[in-house]
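Worksheet: the structure to be examined is printed underneath.
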Amino acid sequence: MSRPPAATLAPARPTPVAPFVGLSTLWVQITGTWCNLECRHCINASGPKAPWLKPLDAATIERAIREAEAMGVKEIYFTGGEPFLHGEILPLLEVALAAAPTTVLTNGTLIGPAVADALAALAARAPYSLELRVSLDDTDRAKNDRIRGEGAWAKAVEAVRLLRARGLLPIVTATEITRDEHPAGSGMYERFRDFLHAQGVERPRVKIMPVFGLGRQPAGATAPLTEEDLEGFDRSVLQCADARVVAAGGVYACPILAGLEGARLSTGSLAESFKPTPLYHPACVTCRDTGMTCRNS
């Protein structure tokens, strides 16, 4: 599989930057772009065949977590690809949970009863909280599976039920990709809230993400940010100001852009990446315009 086609390299002209204000969040791109699904809107073109961004080995991940812990990291996220494809995901989660609150971003399709039991046991003995974010793009089976593949809806919904039954209240993450297919005034949050209530989730938690023009989505005509675009804007609120991503090839500024040369800040330690982040990619426009963050809140 090739790299995402949209703006993989930083342009030659000068670009605005976001300051580095301190490490709050560590992202671990544990499986790179290796995933069991091939979603139409995937931001980093993940899939099951020859991932263009390779998975990380356990030693690299543990080293990054230890370094981040020593620097006072406040939260850790595991993403991919699909994190539950990694053979050492559970012991690595235990390492992370000894250091900070930890979240796994997953499509949910690999969470059966045994995995749900293991996650519940892990959460019960951990000193910090474990969160599971399960991706579901529509409450309608057909609309969701048209984007994520046949059977993805049923498996993700079952994962939500399994986690809920074990006291792990998942966060359902939805993109706005099917928003226009619903009647005007049919709020996306309300639709998912009511759906989760129907699955027995007493306290639904839903995170809604915009659709980015990268990965398998067409980039459109969005131009990169300029200094004029950011006049009067507080750049320290952008997530790249206090987050770093460990992925194959080094340390990157953004979980959306991990693996792209323009977003790579270091080929070594986390500390070497603590420098201003070039806001070179059209995806940076979405973050500025929407206030979007890949974090839980």
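The values are calculated or read from the model by the stated rules, or taken from the named source; none is laboratory data. Predicted model only: the values in this text are computed from it and were never measured. We place every Cβ from the backbone using ideal geometry, glycine too, and count neighbours over all the protein chains shown.
Structure data summary
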item	result
Test: residue in the range 37-45 that is among the polar types (S, T, N, Q) and modelled with pLDDT of 95 or more	no
Conditions (1) without any contact (Cβ under 8 Å) to a residue 24 or more places away in the chain; (2) not in a loop (DSSP other than H, G, I, E, B); number of the one not met by Val160	(1)
Residues being touching a helix residue (DSSP H, G or I) at 6+ places or on another chain (Cβ under 6 Å), over 22 Å from Phe195 (Cβ atoms) and not in a strand (DSSP E or B) - total across the range 123-137	2
Subset tally (residues that are under 14 Å from Cys254 (Cα atoms) and either among the acidic types (Asp, Glu) or assigned to a loop (DSSP other than H, G, I, E, B) (or both)) for the range 271-297	11
Residues located in the range 94-122, provided they are in contact with a Lys or Arg (Cβ under 6 Å, 6 or more places away or on another chain) and assigned to a helix (DSSP H, G or I)	Ala116, Ala120
Number of the condition not met by Pro51 [criteria: (1) assigned to a loop (DSSP other than H, G, I, E, B); (2) touching an Asp or Glu at 6+ places or on another chain (Cβ under 9 Å)]	(2)
Hits in the range 54-69 (condition: among the charged types (D, E, K, R) and part of a loop (DSSP other than H, G, I, E, B))	Lys54, Asp57
Every residue from the range 123-146 that is of a type in the set (Gly, Ala, Ser) and either closer than 14 Å to Leu93 by Cα or free of Cβ contacts under 8 Å to residues at least 12 places away in the same chain (or both)	Ala123, Ala124, Ala126, Ser129, Ala142
Yes/no for Ala118 being surrounded by fewer than 23 Cβ atoms within 10 Å (Cβ to Cβ), farther than 18 Å from Arg164 by Cβ and over 19 Å from the mean Cα position of the chain (by Cα)	no
Qualifying residue in the range 25-42 (condition: part of a loop (DSSP other than H, G, I, E, B), small (Gly, Ala, Ser) and farther than 17 Å from Pro83 by Cβ)	no
